[in-house]
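The values are calculated or read from the model by the stated rules, or taken from the named source; none is laboratory data. Keep in mind it's a predicted model, so treat the numbers as computed, not measured. Quick reminder, even Gly has a Cβ in these numbers, built from the backbone with ideal geometry, and neighbours come from all protein chains shown. Side chains are part of the model used for accessible areas, which takes the heavy atoms of the whole protein and leaves out ligands, DNA and RNA. Shrake-Rupley method; radii C 1.70, N 1.55, O 1.52, S 1.80 Å.
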Amino acid sequence: MSTLAVDIGGTKIAAAVCDANDSIIQRWRIPTPMDADAINQNIAKIYREAIASGHTDIEAIGVSAAGNVGADRKTMTFAANIPAWINYDLSEHIGALIDHAVPVVIENDANCAGWGEYVHGAGQGSRNMVALTVGTGLGGAIVINGELYRGSFGMAAELGHLPMVPDGDTCGCGLRGCAERYTSGSALEHFAKSAVRRRPQDAKRLLELCGGDIAKLEGPMVSQAAQEGDVLGLYAFGKIGEWLGRTMAATAAVLDPDIFVIGGGVVAVGDILLEPARYNYARFLEGSAYRGHAKIVAATAGQDAGLIGAANLALR
């Protein structure tokens, strides 16, 4: 028994045949077209190539997609990057191209990555887990009593859009003050650029890394500077760590998980991000001195978490 897992990202489609233990046994990687029909055709082509390669025991296709997925696990209700994905039955469109040979199950990308961490990563052994992916935005996944929680309309775990700051910065979703405006890769760049403008006397290293052009200052540069001990790099991580802690405290007031698993590219700096997050989680947690605290750990399943999660969820 095997599964074809597909992760549709903003720049690439990653795919893999996974065995019964969710181990990857063959991979594909192609650029992501911006046309919905081309995406469908590419996924169908990968499926046919997998069958031709001898993987005739594929029982399902699990698709991880960035966007809002309906409770039916078939329909993309909205996606910022693919205009056609508005109430779009992605499962049916892919399925029709492979003569409905196997079920096609669609899941939100953050849910897939979080579930990958739950079954094969840092979330193993927990009962109630919240995963947060700190990337360009802030993604979330919720596991309650060992089951992925999707909500009534498939919209649960959009934790990046918790309203944290009244009348705060405008978010890409159209609302203001969302959590991801203050704790994400984009927020890291914003805090670093603001610090450079306010404190040019301390900005030598960051200005070196961006060639003196603040507009070209990017997250990996801030990460490098912080790991070197640069004061402004550490400041920027302290700020997104503070807001990550606040977001986890707000989430804990509702869900009371036993663990938060933090993934995404920004967490590569480890405790530079996680220590201020842990401190501020405890600081803003209701009844903090009189209750148990969730563990806050870095994700361990790596870049394949989304594929692993998609494969596992497709058969559940």
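Here are a few things to note about the model shown:
- Residue within the stretch 216-229 that is in contact with a Phe, Trp or Tyr (Cβ under 8 Å, 6 or more places away or on another chain), surrounded by fewer than 22 Cβ atoms within 10 Å (Cβ to Cβ) and charged (D, E, K, R) present: no
- Of residues in the stretch 156-186 being within 18 Å of Ala236 (Cα to Cα) and polar (S, T, N, Q), the one nearest to the chain's Cα centre (by Cα): Ser184
- Condition check for Thr133: outside any helix (DSSP H, G or I), buried (at least 24 other Cβ atoms within 10 Å of the Cβ) and either out of contact with any Pro (no Cβ under 9 Å at 6 or more places or on another chain) or without any contact (Cβ under 8 Å) to a residue 60 or more places away in the chain (or both): yes
- The residue of the stretch 157-197 that is surrounded by the most Cβ atoms within 10 Å (Cβ to Cβ), among those that are hydroxyl-bearing (Ser, Thr, Tyr) and outside any helix (DSSP H, G or I), is Thr183.
- Tabulated pairs, the stretch 212-241, first under 15 Å from Gly270 (Cβ atoms), second aromatic (Phe, Trp, Tyr) and at pLDDT 95 or above, C-beta under 6 angstrom, 6+ apart or interchain: Ala226/Phe237
- Close Cβ contacts (under 6 Å, 6 or more residues apart or on different chains) running from residues in the stretch 191-211 that are farther than 16 Å from Gly238 by Cα to residues that are not in a helix (DSSP H, G or I) comprise Arg205/Asp230; Cys210/Leu217.
- Selection within the stretch 265-306 - of a type in the set (A, V, I, L, M) and either open to solvent by 30 Å² or more (accessible area, probe 1.4 Å) or not in a helix (DSSP H, G or I) (or both): Ala268, Ile272, Ala282, Leu285, Ala289, Ala294, Ile296, Val297, Ala298, Ala299, Ala301
- Restricting attention to the stretch 136-150, the residues that are open to solvent by less than 50 Å² (accessible area, probe 1.4 Å) and closer than 20 Å to Val119 by Cα add up to 7.
- Candidates Leu234, Leu244, filtered to the one that is more than 18 Å from Gly140 (Cβ to Cβ), surrounded by 15 or more Cβ atoms within 10 Å (Cβ to Cβ) and not aromatic (Phe, Trp, Tyr): Leu234
- Hey, Gly154 at pLDDT below 95, open to solvent by 10 Å² or more (accessible area, probe 1.4 Å) and outside any loop (DSSP other than H, G, I, E, B) or not: no
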